[in-house]
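These notes are about the structure you will find just below.
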Amino acid sequence: MNYSNLMISGLCMSMASLAAAVPGAVAADSPATIRIISSMATRQVLAELIEQFEKQSGYKVEIESVGGVDAAKRVEAGEAFDVVILASNAIDKLIDSGKVASGSRVDLVKSGIAIAVREGSEAVDVSSEQAVKQAVLAAKTLSYSTGPSGVYLTGLFERWGIADQISHRIVKAPPGVPVGSLIAKGEVELGFQQLSELLHLNGIVILGPLPADIQMMTIFSAGVTVNTAHKDAVEALLNFLASPAATQVKVNQGMEPI
């Protein structure tokens with residue numbers, strides 16, 4: 001079953017409710033520009049929400065979505081951003097290192113890991129932990145991201161006692177490159193990644209999420225950098241991203257609101 005078809009379609013939201021979610025709109029002749037860096041997992045949901053935010057608030061937003069590890073390194077190196085949106089543990093590390101303001105973390109969404117194969121491939125059973133283990137053992141090649149889901153899966157394969165057995169079959173996705181794109185090209189037989197990153201990709205079939213007993217939900221959070229010069233604009237943005245007005249878009253993009 002293609003889980004893309006299970007996403008609720010359409011955004012049913014009035015202009016009035018959107019405006020209410022973005023207080024403090026500014027005059028269009030002097031908008032602040034907010035710079036954001038995010039992981040690839042939140043790229044689609046942020047693109048859609050930010051478009052709405054810009055129309056309603058008058059602020060401008062520049063967003064760059066890259067691999068989560070690279071994003072954190074760039075913030076640590078001192079590159080100028082106003083907001084960082086990454087897995088919550090990465091935001092906490094940036095707070096500890098003094099790059100993101102203490103107390104500024106805002107949890108936005110939860111995201112689970114899904115499994116995909118190339119379109120036209122033979123169906124694979126992923127309905128249970130044992131079925132997923134057998135699918136991994138049977139796959140000639142497999143891949144997962146370098147982000148939180150990849151770290152978790154590495155540990156899962158070690159717990160199953162198959163890490164050494166499959167190590168030579170693992171194709172590492174370059175930072176910022178969706179695992180789904182490798183599946184679609186035929187470079188990978190079985191792929192694991194955040195559901196939000198697999199949705200909307202042509203040439204793949206999403207088999208489903210990891211079974212509940214081995215699923216790992218990642219919380220993606222926003223943090224405000226200590227050097228931002230646009231505190232009012234950033235506050236308005238984060239209020240909107242965390243508001244009920246953003247719920248439908250999050251669901252449509254395969255994520256769970258918090």
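The values are calculated or read from the model by the stated rules, or taken from the named source; none is laboratory data. Since we're looking at a predicted model, the values are computed, not measured. Positions of Cβ are backbone-derived with ideal geometry, glycine not excepted, and every protein chain shown enters the neighbour counts. Surface areas here come from the heavy atoms of the whole protein model, side chains and all, with no ligands, DNA or RNA. Shrake-Rupley method; radii C 1.70, N 1.55, O 1.52, S 1.80 Å.
With respect to being among the aliphatic types (A, V, I, L, M), farther than 17 Å from ALA32 by Cα and buried (at least 17 other Cβ atoms within 10 Å of the Cβ), LEU237 falls outside the description. Residue count for the stretch 138-160 under the criterion of being touching a residue at least 40 places away in the same chain (Cβ under 8 Å), of a type in the set (S, T, N, Q) and open to solvent by less than 70 Å² (accessible area, probe 1.4 Å): the result is 4.
Considering only the stretch 201-225, how many residues are closer than 27 Å to ILE34 by Cα and under 19 Å from the mean Cα position of the chain (by Cα)? So the answer is 7. Close contacts from the stretch 23-41, counting a first residue that is over 16 Å from ALA233 (Cβ atoms) and modelled with pLDDT of 90 or more and a second that is of a type in the set (Asp, Glu) and surrounded by 17 or more Cβ atoms within 10 Å (Cβ to Cβ), with Cβ to Cβ under 9 Å and a gap of 6+ residues or different chains, come to MET40/GLU197; ALA41/GLU197. Against the criterion of being on the phi < 0 side of the Ramachandran plot and touching a His at 6+ places or on another chain (Cβ under 7 Å), ASP70 does not qualify.
Scanning the stretch 133-171 for residues that are of a type in the set (Val, Ile, Thr), assigned to a helix (DSSP H, G or I) and within 16 Å of ILE183 (Cβ to Cβ) yields a single hit, VAL136. Surrounded by fewer than 18 Cβ atoms within 10 Å (Cβ to Cβ) and touching a residue at least 40 places away in the same chain (Cβ under 8 Å), is that true of ALA101? Yes: the conditions hold for ALA101. Looking at ASP92, ASP96, just one residue is of a type in the set (D, E, K, R), open to solvent by 20 Å² or more (accessible area, probe 1.4 Å) and touching a residue at least 12 places away in the same chain (Cβ under 8 Å), and that residue is ASP92.
Of the candidates ALA116, ALA123, ALA135, ALA72, the single residue that is surrounded by fewer than 19 Cβ atoms within 10 Å (Cβ to Cβ) and at pLDDT 95 or above is ALA135. Only a single criterion out of (1) open to solvent by 50 Å² or more (accessible area, probe 1.4 Å); (2) touching a residue at least 60 places away in the same chain (Cβ under 8 Å); (3) not charged (D, E, K, R) is not satisfied by THR247, namely (2). As for the stretch 172-195, it holds at least one residue that is touching a Pro at 6+ places or on another chain (Cβ under 8 Å) and within 28 Å of LYS93 (Cα to Cα).
Within the stretch 156-186, the set of residues being within 20 Å of the chain's Cα centre (by Cα) and either within 26 Å of ILE219 (Cα to Cα) or at pLDDT below 95 (or both) comprises LYS172, ALA173, PRO174, PRO175, GLY176, VAL177, PRO178, VAL179, GLY180, SER181, LEU182, ILE183.
Checked across the stretch 229-237, the condition of being of a type in the set (A, V, I, L, M), under 17 Å from the mean Cα position of the chain (by Cα) and either at pLDDT 95 or above or under 20 Å from VAL66 (Cβ atoms) (or both) holds for no residue. Within the stretch 199-210, being modelled with pLDDT of 95 or more and either in contact with a strand residue (DSSP E or B) (Cβ under 6 Å, 6 or more places away or on another chain) or surrounded by 15 or more Cβ atoms within 10 Å (Cβ to Cβ) (or both) holds for ILE204, VAL205, ILE206, LEU207, GLY208, PRO209, LEU210. Taken over the stretch 130-181, the criterion of being closer than 19 Å to VAL69 by Cα, hydrophobic (A, V, I, L, M, F, W, C) and in contact with a Phe, Trp or Tyr (Cβ under 7 Å, 6 or more places away or on another chain) is satisfied by LEU153, VAL179. Among the residues making up the stretch 89-116, those that are more than 17 Å from PRO148 (Cβ to Cβ) and outside any helix (DSSP H, G or I) are SER97, GLY98, LYS99, VAL100, ALA101, SER102, GLY103, SER104, VAL106, ALA116.
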